[in-house]
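Single-structure report; data block below.
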Amino acid sequence: MTASFPAGLAPGFADPALAAQVSFRAALTALSEPGCLVALGHGLAPPPPPLGPAAAALALTLLDHDTPLWLSPALRPAAAYLRFHCGCPPAAGPEAARFAVVTAAELPPLAVFAAGSDDYPDHSATVIVDVAGLRAGGPLVLSGPGIADRATLAADGLPADFLACWAANRGRFPRGVDLLLTCGPLLCGLPRTTLVGG
Amino acid sequence: MTTDDNATLTPADRPYWMGVLARAPAAALETAWAGVAPGPAWHLLRAPECGLVMVQGRAGGNGQPFNLGEMTATRCSVQLADGTVGHGYVAGRDRRKAELAALFDALLQGPAGPGLMASLIAPLAAQAAAARTETSRAAAATRVDFLGLVRSR
């Protein structure tokens, strides 16, 4: 099978049950140790660009027909792929989404996403942000639950007002959104409990 | 889903041929696939996977729907090199049959569609119809008519 196939659809996990468990474990690790970079998406056929392997693996693991998904405009070419494999309905806008996959450049203010309620903070959106670069030891200084002292992170391409947005998101705890930053096969969790300083 | 603007076969025909493929014997599909030469380039979008589907029934065909029970079904999706996507949904756990049904579904949407319709789908449908007639004939031979006795008062 060396023929090239059109990009709109691609195969999902070769072994859906096992691969989804591995990805879920990776997401748990990432969210419980913010700032820790984990790799995922091994063995996943290349998803339709510009969707990266880590973002695709997370989507295939976490999304199903109960989770309206919002894609930022640059990622719309992957809509058919995610719809086919996850069966997730498209959300009318970011405010209606349980999950969103966005590029860092198109990240809307976090306040537009569902933040849950004080009674049900879990009814909030989880936003998968595909950033231009992701590595440890950068300008962002993380602290909070899951971090021994402090962790440093470089996430390229986030909007200039990201720190202010994040502080506001942190300020409405227990409401708020959780971020999953991805770049290529790498994932870093940024749960709402994490303090981010510049 | 990729649809081909084919002059002869339309998406409206698709449920028909998918149904025929789903009911066809696996051996017949295997033989027919061996006859497709040269086989087109294709890959699996969704590998054959078994699952359960709830079968609903209606008493007398028009009552309230009720859940009759679950049955095993196998589905598979393939993509041809030209982008055409084929889906196969078959009863049972025959993964290879689901794969072949998906492949033929993809081929039927393309330029080979009318040819395959005549050479594969029509004979399979005729076979299925003949088997059905045979079964109902055998059943009809043992039919008991319960005549309503009119009781006079």
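The values are calculated or read from the model by the stated rules, or taken from the named source; none is laboratory data. Bear in mind that the values here come from a model prediction, so they are computed numbers and not experimental data. Here the Cβ positions follow ideal geometry from the backbone for every residue, glycine too, while neighbour counts run over all protein chains shown.
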Open item on the list: Can you say whether B:Arg75 is within 14 Å of chain A (Cβ to nearest Cβ), out of contact with any Ser or Thr (no Cβ under 9 Å at 6 or more places or on another chain) and of a type in the set (Lys, Arg), as far as the supplied structure shows?
Closed with: yes
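Let's see how each residue does on (1) in contact (Cβ under 8 Å) with a residue 24 or more places away in the chain; (2) of a type in the set (D, E, K, R); (3) surrounded by fewer than 17 Cβ atoms within 10 Å (Cβ to Cβ):
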| position | (1), (2), (3) |
| --- | --- |
| A:Arg98 | yes, yes, no |
| A:Val101 | yes, no, no |
| A:Glu106 | yes, yes, yes |
| A:Ala111 | yes, no, yes |
| A:Ala115 | yes, no, no |
| A:Tyr120 | no, no, yes |
| A:Val129 | yes, no, no |
Open item on the list: I'd like the full set of residues that are within 19 Å of A:Leu51 (Cα to Cα) and either touching an Asp or Glu at 6+ places or on another chain (Cβ under 8 Å) or among the hydroxyl-bearing types (Ser, Thr, Tyr) (or both), limited to segment A:73-117.
Closed with: A:Pro73, A:Ala74, A:Leu75, A:Tyr81, A:Cys86, A:Gly87, A:Cys88, A:Arg98, A:Val101, A:Val102, A:Thr103, A:Ala104
Open item on the list: If I filter segment A:140-156 for residues that are surrounded by fewer than 20 Cβ atoms within 10 Å (Cβ to Cβ), at pLDDT below 90, of a type outside the set (Gly, Ala, Ser) and under 15 Å from the mean Cα position of the chain (by Cα), do I get at least one hit?
Closed with: yes
TODO: Report yes if some residue within segment A:35-58 is surrounded by fewer than 18 Cβ atoms within 10 Å (Cβ to Cβ), over 25 Å from B:Glu49 (Cα atoms) and within 14 Å of another protein chain (Cβ to nearest Cβ); otherwise report no.
DONE: no
TODO: Sort out which residues of segment A:138-171 are in a strand (DSSP E or B) and closer than 15 Å to A:Pro34 by Cβ, and write them in order of number.
DONE: A:Gly138, A:Leu140, A:Val141, A:Leu142, A:Ser143, A:Ala151, A:Thr152, A:Leu153, A:Ala154, A:Ala155
Open item on the list: For segment A:160-198, give me each residue that is of a type in the set (Asp, Glu) and in contact with a Leu (Cβ under 9 Å, 6 or more places away or on another chain).
Closed with: A:Asp178
TODO: Write out, first by first residue and then by second, each pair whose Cβ atoms fall under 6 Å of each other, whose residues are 6+ apart or on separate chains, and whose first residue, in segment A:1-26, is at pLDDT 90 or above while the second is of a type in the set (S, T, N, Q).
DONE: A:Ala20/A:Thr61; A:Ser23/A:Thr61; A:Phe24/A:Thr61
TODO: Return the only residue of B:Pro11, B:Pro25 being more than 13 Å from chain A (Cβ to nearest Cβ) and either surrounded by 21 or more Cβ atoms within 10 Å (Cβ to Cβ) or within 29 Å of A:Pro77 (Cα to Cα) (or both).
DONE: B:Pro11
Open item on the list: Can you report the number of residues in segment B:80-89 which are within 12 Å of chain A (Cβ to nearest Cβ) and crowded, with 18+ Cβ neighbours inside 10 Å?
Closed with: 5
Open item on the list: Among the residues of segment B:90-106, are any more than 14 Å from every other protein chain (Cβ to nearest Cβ), farther than 30 Å from A:Pro47 by Cβ and surrounded by 15 or more Cβ atoms within 10 Å (Cβ to Cβ)?
Closed with: yes
TODO: Sort out which residues of segment A:50-83 are over 20 Å from A:Phe24 (Cα atoms), in a helix (DSSP H, G or I) and either touching a strand residue (DSSP E or B) at 6+ places or on another chain (Cβ under 6 Å) or hydrophobic (A, V, I, L, M, F, W, C) (or both), and write them in order of number.
DONE: A:Ala74, A:Leu75, A:Ala78, A:Ala79, A:Ala80
TODO: Scan segment B:54-79 residue by residue and report those that are crowded, with 22+ Cβ neighbours inside 10 Å and modelled with pLDDT under 90.
DONE: none
